[in-house]
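Visitor: This structure is in structure tokens; I'll ask about it shortly.
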Amino acid sequence: MEDFATVSIENYISDTVTFNQENISQLILAVHDFYQEPNIECRSSYAGLALPQMREKILTELNIVLAKSLKDVYADNEKEMFVPIFAQMIHEGALQLVDSNSTTEKEALAKEIALFIIVRF
């Protein structure tokens, strides 16, 4: 599952990630797709067991990517505090996208969510 989390993110971003609206939007889409990948018909049978592990794995990957992207922006002690917060914001934004009934395309919604996160930056 960890490899799948890594691959999901690598499918959307390059090795060097700048903390900007476009890259945050891509991370949101990566997390969205990570949760969409498992077979929908099987979700109810594994939800209680697999979803917490999936959440942990994707958050770990987000933390790694964000720590790299913010290395020259924050001091180490600040990164320890802010990276998990940004990871949670991206994760929650992606979950809202998964659950959204909006007719707006997911890419447009991801950009709106990313803008919200960046403005707080």
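The values are calculated or read from the model by the stated rules, or taken from the named source; none is laboratory data. Since this is a predicted model, take the numbers as computed values, not measurements. Neighbour counts are summed over all protein chains in view; Cβ atoms, including those assigned to glycine, are modelled from backbone coordinates with ideal geometry. Only protein heavy atoms, including side chains, enter the accessible area calculation; ligands, DNA and RNA are left aside. Shrake-Rupley method; radii C 1.70, N 1.55, O 1.52, S 1.80 Å.
Visitor: For the stretch 18-27, give me the residue count where each residue is among the β-branched types (Val, Ile, Thr) and under 13 Å from the mean Cα position of the chain (by Cα).
Guide: Kept after step one, since they are among the β-branched types (Val, Ile, Thr), are these residues of the stretch 18-27: 18, 24.
Of the ones still in play, those that are also under 13 Å from the mean Cα position of the chain (by Cα) are 24.
Looking only at that region, the number is 1.
Visitor: Okay, moving on. Please determine, by comparing only the residues of the stretch 9-37 that are surrounded by 17 or more Cβ atoms within 10 Å (Cβ to Cβ) and of a type in the set (Ser, Thr, Tyr), which one is nearest to Ile64 (Cα to Cα).
Guide: The residue in question is Tyr12.
Visitor: Can you pull out the residues in the stretch 59-99 that are over 14 Å from the mean Cα position of the chain (by Cα) and closer than 16 Å to Val17 by Cα?
Guide: Lys68, Leu70, Lys71, Asp72, Val73, Tyr74, Lys79
Visitor: Right, another one. Contact list please: Cβ distance under 7 Å, first residue in the stretch 53-72 and closer than 16 Å to Gln26 by Cα, second residue among the hydroxyl-bearing types (Ser, Thr, Tyr) and open to solvent by 60 Å² or more (accessible area, probe 1.4 Å), pairs at least six apart or on different chains.
Guide: Close Cβ pairs (under 7 Å, with a partner that is among the hydroxyl-bearing types (Ser, Thr, Tyr) and open to solvent by 60 Å² or more (accessible area, probe 1.4 Å)) amount to Ser69/Thr18.
Visitor: Within the stretch 76-121, take every residue that is among the polar types (S, T, N, Q) and closer than 18 Å to Gln26 by Cα and give me the one that is least open to solvent (accessible area, probe 1.4 Å).
Guide: Filtering the stretch 76-121 for residues that are among the polar types (S, T, N, Q) and closer than 18 Å to Gln26 by Cα, the one least open to solvent (accessible area, probe 1.4 Å) comes out as Ser100.
Visitor: Right, another one. Of all residues in the stretch 1-25, which are within 19 Å of Glu107 (Cβ to Cβ) and part of a helix (DSSP H, G or I)?
Guide: Within the stretch 1-25, Ser8, Ile9, Glu10, Gln21, Glu22, Asn23, Ile24, Ser25 qualify.
Visitor: For a quick check of your reading of the model, give me the residue pairs whose first member lies in the stretch 95-118 and is modelled with pLDDT of 90 or more, whose second is open to solvent by 40 Å² or more (accessible area, probe 1.4 Å) and in a helix (DSSP H, G or I), with beta-carbon atoms closer than 6 Å and at least 6 apart or on different chains.
Guide: So the pair list comes out as Ala114/Gln21; Leu115/Gln21; Ile117/Met89; Ile118/Gln21.
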